[in-house]
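Comments concern the structure below.
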Amino acid sequence: MQDLIHAADNVEPLRVYGRVAVVNGLLIEAKGGLSYMQVGARCEIIRRHAEPLPVEVVGFREDRALMMPFGPIEGIAPGAEIRILSDGGKVYPSRAWLGRIVDSFGEAIDGLGPLPKGQVGYNLRAAPPPAHTRARVGERLNLGVRAMDVFTTCCRGQRLGVFAGSGVGKSVLLSMLAREATCDAVVVGLIGERGREVREFIEETLGPEGLRRAIVVVATSDEPALKRRQAAYMTLALSEYLRDQGLEVLCLMDSVTRFAMAQREIGLATGEPPTTKGYTPTCFAELPKLLERAGPGPTYPDGTQGGPITGLFTVLVDGDDHNEPIADAVRGILDGHIVMSRNIAERGRFPAIDVLKSISRTMPGCQTIPEREVVRQARQVLSAYTNMEELIRIGAYRAGADPDVDRAIRLNPDIENFLRQDKEEYTSLDDSFTFLAQILTSDQVEPPPG
C-alpha cells in the first residue's frame, strides 16, 4: 500500500497546452485547450531565446482564445506552446510589505530583496463586500490638509475623487495625505505614472516617513495595458488585506483615468465597440467594481468588523474638461469630489483646490454646529470675492458699493493664506477650524499653526 501511495504522489499532474495561432498587434489568438481556459485565466507562452511571456485570457472568438501580454511580445513564433497556469490572479501579502514598493504582480522592485508571502491568497479582482454587511462611515478623518479638512471634511471609509488636469499638483497633494492623514496604513497605487517621476515621488515627495507605513504599487506608462490595469486591482487587494487585519487603511490611487485608458486599450483590441471618446462599455462597467471595493469595513461571519478603507482617487481630466466621460462617471460613483484648478495653480497657491467647486457628501453631518457656521460664512466670503474678482483686479470696483464684497476684499489675503499650505506643513483638523474662525472675526490674525 505504501508503494502505491508513493507512486500516486509522484504522478505528474495533467498539463494542458495551447498553441499560438495569430499575433495581431498586442492581441494573441490561441487554439487548443479551450475547455481549460476562462476569461481572466493566466497562461505563459514559450518564446525563442527569451523568458516565457505571461498572458491573460481576455475573451474568445469562435474556436480561439484571445490573449493579451504582460510584457513585450518579441520572440513569439507561430505555433509557440502556451502553458495554462492554475494559480494566477491571486496575491499573498503580509504586514512585512509595509515600507516596500511592488509591481502589478506583487513582486518587489525596490532592490531590498524578495517579499515574504502570507498564508491567505487575495483575489486581484475580488467583488466588493455586500452592501448589507457594511458598516456606515465612521468618524471624521484628520487629513492634515487645511482646505480639505474644513471644506470637504472626510469620514473614515469615505471615497473622494481628486479631479485635476496634468501638472496642477495632484501627486504632491497625495504625498501630503500619505504622510499626515490619521490612519494605520497607506496603500499608494501609481498607475501609468511617468517612469522619471516614480523615484522622485517615493524619495522626495512621499519621503521615508510616509513610506514607512505605506505599500506603493507601481506600473509606469510604458508598461502594457494589462499590467497598468492589474496594478489598480493590486492596490485594492492590498488594501483589503490590511483592512482584514483590523487596520484603518488610506488607499490613494493616481490615477483612475489611466486605469480606464488601459481598459479601453484592452476592450478595443478584443473588438468592443467604442463609445464616447473611444471608451468601451467595459470601461464604465469596471469603474464601480473597482471603486466600490473601498469603503467601510464589512461584518465577518464571526461577528467581527473589518477596518475601513478610505479612498482618494485622482482623475486626470482631459483638457481640463471636468465633464468628460470618465470624470463624469467617477463623480457619480464616489462620495464627494475635490476640484483642483489650473488658474489657482498658475497664481502660485498650492494645493490648488477650488473649495467652491468641491464637495463632501458626508457634510454637514460630520461637523458641529459652530463648524458648519464657519464653513458657511467662509464660502459666502469666497463666493462674493470670486463673483467680482475680474472687476476688482482691473480696478473697476468702487469700495462701498457692496458691504459683502468689501468684507471679502479685506479677508481675501488671510483666507488665501489659510488655503495655501506647504507640502511639509501640517495643521490638525481642530486647529484649522479655529484659525478660519479667527479670520472671519478679525482682519488681522496670526499665521496658521504648522
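Within the chain, the longest segment free of exposed loop sites, counting GluC sites (Glu not before Pro) that fall outside DSSP classes H, G, I, E and B and have at most 15 other Cβ atoms within 10 Å, spans 140-423. Each residue of the stretch 40-47 is assigned a 3J(HN,Hα), and the resulting list reads x, 5, 9, 9, 9, 9, 6, 10 Hz, derived from the Karplus form 6.51 cos²θ - 1.76 cosθ + 1.60 (θ = phi - 60°), x at Gly and Pro. Using volume of the Cα convex hull per residue in Å³ as the read-out, say which of [x] 178; [y] 127; [z] 198 was calculated from these coordinates. Only one listed value fits the structure, namely [x]. Between Asp320 and Glu204, the contour length at 0.36 nm per residue exceeds the Cα-Cα span by 39.1 nm.
Filter the trypsin sites (Lys or Arg not before Pro) in the stretch 342-450 down to the DSSP loop ones having no more than 13 other Cβ atoms within 10 Å, then list what survives.
Numbers: sites: Arg342, Arg347, Arg349, Lys357, Arg361, Arg372, Arg376, Arg379, Arg393, Arg398, Arg407, Arg410, Arg420, Lys423; in loops: Arg347, Arg349, Lys357, Arg361, Arg398, Arg420, Lys423.
Sparse-neighbourhood loop trypsin sites (Lys or Arg not before Pro): Arg347, Lys357, Arg398.
For the set His322, His337, solvent exposure ranked by accessible area (probe 1.4 Å, protein chains only) runs largest to smallest as His322, His337.
Rounded to the nearest 20, the size of the Cβ-charge dipole of the chain about its Cα centre is 680 debye, with Lys and Arg at +1 and Asp and Glu at -1.
The apolar share of the surface of the chain, taken as the fraction of accessible area on carbon and sulfur atoms (1.4 Å probe, ligands and nucleic acids excluded), comes to 51 percent.
Over 30 Å apart at the Cα level, from the set Lys90/Lys357; Lys117/Lys227; Lys117/Lys423; Lys277/Lys423, are Lys90/Lys357; Lys117/Lys423; Lys277/Lys423.
Just to confirm, what accessible area per residue do you get for the chain at 1.4 Å probe, in whole Å²?
I get 46 Å² per residue for this part.
Helix 429-441 and the long axis of the chain differ in direction by around 30°, with both axes built from C-alpha atoms.
The values are calculated or read from the model by the stated rules, or taken from the named source; none is laboratory data. Since we're looking at a predicted model, the values are computed, not measured. Glycine also receives a Cβ, built like all others from the backbone with ideal geometry; neighbour counts cover every protein chain displayed. For the accessible areas, the whole protein counts, side chains as well, though only heavy atoms, and no ligand, DNA or RNA atoms are used. Shrake-Rupley method; radii C 1.70, N 1.55, O 1.52, S 1.80 Å.
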